[in-house]
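Each remark here refers to the structure printed beneath this line.
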Amino acid sequence: MKFLENFKEMIQTEAGAATGVSKVFIDKESIKPGEEFDKKIYDCIPYSCFFIPLYQYMYLDENRIYCALELFHAIEVEKRIRITKPEFCFILPLIHRGEPKDLPKCIEKKNALLIHLFESDIITRSSARKYLDLKREICKVLYNNFRLLHDIEDVNELCNDIHRPDKEEILEWIRDHNSNLYEQEKNKTPKLKINGEQIAR
C-alpha cells in the first residue's frame, strides 16, 4: 500500500533528522520468524526514543491483540519516564482513521495528529506547505524526546520492572476501552459528512 510505504519513509527521514538514527522498528518487519512477538515488543519499546501508533478504527480489537499490547506497554513506559522527566512525550498518536476521542482516555488529550488530512500528500510525496510544516513539527517532537532521553542514565534499567500483562489482562483492557466508546456513541445518530458538510440524513 503506497500510503504505508511512504508514511514509513517519511517517519524514517524525520527520525533521522531528529536523532541521527534512521532505523524504525515496525513490528511486522522487525520481528523475525520464530521470535516471541510479545517479548520482542517488551524488550524494544524501552530502547525507543518514541512510539508512534498509526491509529485506525480496529487498532484496539480483540483479534489484533498485539497492537493493544504495544500501546499498553508504551503507556506504562511513558508513565515511568515521566517520574523523572515530566515533560517527556513518548507517544505521538497519528490518526489515520478515527478521532482523538477514540484513543484510550490516558492519551486522548495528547497532541494527536490527524494524519488522514495529509493522506494524498503522503501518497504523492507532496511539497505542499502544510505537509512540510507537519513534517517539521513531527521532527521537532522527536528531537525533544531524543534530547530528554539522553539526560537519563539508563532508560532500560528505569523501565526494567514494569509489569508485563498477560493476554487476558490485555483483552480486558481492550473490552473496557471499547465498552466506554460504545457508551459514548450509542445515543448518537450517525451522520455521513465530507469536509465537515453533512451529505446524508
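Miscellaneous remarks
- From the options 192, 134, 171, 181, residue that is modelled with pLDDT under 85, surrounded by 14 or more Cβ atoms within 10 Å (Cβ to Cβ) and of a type outside the set (Val, Ile, Thr): 181
- Qualifying residue in segment 134-149 (condition: more than 22 Å from residue 82 (Cα to Cα) and free of Cβ contacts under 8 Å to residues at least 24 places away in the same chain): yes
- Answer residue from segment 62-95, given it is of a type in the set (Asp, Glu) and in a loop (DSSP other than H, G, I, E, B) and is surrounded by the fewest Cβ atoms within 10 Å (Cβ to Cβ) among those: 87
The values are calculated or read from the model by the stated rules, or taken from the named source; none is laboratory data. Just so we're clear, the structure is a prediction, and the values are computed from it rather than from any experiment. A quick note on method: Cβ atoms are made from the backbone with ideal geometry, for glycine too, and the neighbour counts reach across all protein chains shown.
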